[in-house]
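Novice: Structure provided below as structure tokens; questions to follow.
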Amino acid sequence: MPSSHDWINKPLGVVEAMFAQSNSNPEWEEKVLEYFRGQLKEKESLSWVPSLNDVPLHYLKPNSLVKFRCLVQDMFDPEFYMGVYETVDPSTKTNVLRCGKYKDVTECGVDLNSRNTVTAERQTFYCVPIPGESPWAKEISFLSAARVVPSTSYVPSRQKRSYEEDDDDMDTQPQKQRESHTETPQIQPHGNGDSKRQETEAPSSQTTAPSDCSSHLDLNFPLPGERGPACLVKVYEGLDSFKLNDTLEIYGILSVNPVLTVLGEEKDPSSLLLNPSESMESPEEQRAHDPPASLVPRLHMLYARPLQHNNPLLPSAPTEDQSAFVSSFLVEMASVRAELLAYLTHVLLGDGLAAEYLLLHLISNVYTRRDVLPLGKFTLNLSGCPLNSYTERLYQIIQQLVPCSYRLSMSLHTMNSMRLVPKKDYVANRLVSGALQLARNTSLFLDETQLEQGQLDSSGVRNITALGNLISWQKVDYDFSYHQMEFPCNINVLVTSEGRSLLPSDCQVPLQPHVTPPNMEEYLTTIHMAQFTSQMNKFRVYLSLARTLDYSISDEVTKAVEDDFVDMRKDDPQSVTAEDLHRMLVVARLLSLSLGQTTLSRDGWMRAKHIDMLRRSRTEQQKSLNGNEP
């Protein structure tokens, strides 16, 4: 990249030059944003900017432009800062007007009595790496960024070495925790940060803690065992366009000034120059809102791009390139579907019907809401799963297909001790994260085969209730002590169980194995290892792309479906309900999208009816075998 691109290495220089030329005209701020947006619109420029997700913080140049792929975990109260201030030049004794925007610390010699001082307001978002991001997605992002990031910001060869060292130095994470997060095959993921710093990992278990949990530094990751940097993102414009739990790619100016750590510890009067409101913070709030910049860097936002998905194999923004990519891949949809279906059939021990429903589940998506009803969700209960390690291996295979996932082992201890629902800590004035604070389209794998006999305590009952609300209404009620606040979500939930799940579901499919391998782990490993990386990448693109396709039903097909349903009701009024119609319409939609078809055909409707009939027949057969099952 040409050295003239100082907008990456020295963005504050660009800002200060525009401010100096403005003659106090407020339009300069919009010109700054337009400039950086224009630079980032260039085809290759997005990949020129180094990423906090891929590069250890100590390799990044302070005050340079960086990007961060993240989830908005919390939103702090607005803060005041000195937008414009005057300093006194020590040599000439003249006053110089300075810009305080996109900075945490002012220059020395501030004239506190100047009438030209302008106090402005900004908001701080607490952002964390996208929870549950799959190792393959991190790996591809890392490799694609490492080839083109300018060497003036950091040294690529040292960066690569740092990640190898990180993998060798994983003693900061408990051995049991590491093994539970290893997938098939053994891919060594490049982490999201420097694993040598123990503080950059989430605790190995998220148990409920008293309100004074903020007395020590906690990076507040939603999921246990997560690694990577958290960031305090300073937001200046467009505050109304951001919401809690948004997934964003943020471009901003990195600030890791050591003075921030000193001010955070000492809180002397000079620290109030940029933020006078800090004098009203409690010690707990100060620790939560002003952690050391070496662990939680500051990022001054210049531009933020909402992420509809975090699959690095797909174009992430709606552009001409994305349209061409989608058009070319649609031609392959049917063939890739057949290959993926065959793969899932082997994984599900030869059960083709269960594989069909699992494929449909993996591309399901809440595409709209009608009143409180989320349309498009398709929670699948896969019952009759073999015990021992089968469900864990099944999750690891699904983890290799989707960009975001999390397996919740529903043991009695986990359900009674784990914090699933985020809770407001009023002492530290922050939202304490929970395991259900997830990004949209995350695959949540609920392993009910781990549930043993015993007593759920009050925390366990609340967790089960939260999971039920998530499945039924695609919402999580965050705990604000005096009230609950409803946050809609879009999470794919797969429940594996021995019998029928105690949780609700949109569809139950009893697993009927056609093969009984003597060594289950070896069998599943062999199946997965037989897939080439190029083939796995096709599956990954297919699943993400199918979720993004538009869908409609013509008036003619709508009339045909209505007439068909009336006939079904006449033939069997007791068994066929409106709920059955809704489920079959969801299945028909997913079947069409799985083939790359954006409208429902008569054949698609008949196919949906057929596989639903097969599923219901199998379910009834299972009920007759297990007379005690509801």
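Novice: Could you name the lysines in cross-link range of Lys609, using Cα to Cα under 25 Å and dropping any fewer than eight places away on the same chain?
Specialist: In chain and number order, the partners are Lys377, Lys559, Lys570, Lys623.
Novice: Determine which lysines satisfy two conditions relative to Lys138: a Cα distance under 21 Å, and not lying fewer than 8 residues away in the same chain.
Specialist: Lys67, Lys160, Lys196, Lys538
Novice: Right, another one. Run the 1.4 Å probe and let me know the accessible area of His610, rounded to the nearest 10 Å².
Specialist: 80
Novice: Is the shape of region 320-548 rounded, prolate or oblate, going by the alpha carbon gyration tensor and its root eigenvalues a ≥ b ≥ c, with a/c under 1.5 for rounded and a/b larger than b/c for prolate?
Specialist: oblate
Novice: Starting from the residue with the highest accessible area, list Leu143, Leu12 in decreasing order, probe 1.4 Å.
Specialist: Leu143, Leu12
Novice: Any idea how far the Cα center of region 374-413 sits from the one of region 61-128, in Å?
Specialist: About 47 Å separates the Cα centre of region 374-413 from the one of region 61-128.
Novice: Still on this model: Please work out how much length the chain gains when fully extended from Gln322 to Arg115, using 0.36 nm per residue of separation minus the C-alpha to C-alpha distance, in nm with one decimal. Intermediate values should be presented prior to the final figure.
Specialist: Values: separation 207, 0.36 × 207 = 74.52 nm, distance 5.14 nm.
Extra length available between Gln322 and Arg115 comes to 69.4 nm.
Novice: Among the DSSP beta bridges whose two residues both lie in region 320-548, what percent are antiparallel, rounded to the nearest 5?
Specialist: Of those bridges, close to 40 percent are antiparallel.
Novice: Any idea what the relative contact order of region 474-587 is, in percent, if you count C-alpha pairs under 8 Å spaced at least 6 apart?
Specialist: Computed over region 474-587, the figure is 13 percent.
Novice: Right, something else. Ranked from the most accessible area to the least, with a 1.4 Å probe and all protein chains present, what is the order of Tyr85, Tyr482, Tyr406?
Specialist: Values: Tyr85 0, Tyr482 195, Tyr406 25 Å².
Sorted by accessible area, descending: Tyr482, Tyr406, Tyr85.
The values are calculated or read from the model by the stated rules, or taken from the named source; none is laboratory data. Since the structure is predicted, the reported quantities are computational estimates derived from the model, not experimental observations. Each accessible area value is taken on the protein alone, full model and side chains, heavy atoms only, with ligands, DNA and RNA left out. Shrake-Rupley method; radii C 1.70, N 1.55, O 1.52, S 1.80 Å.
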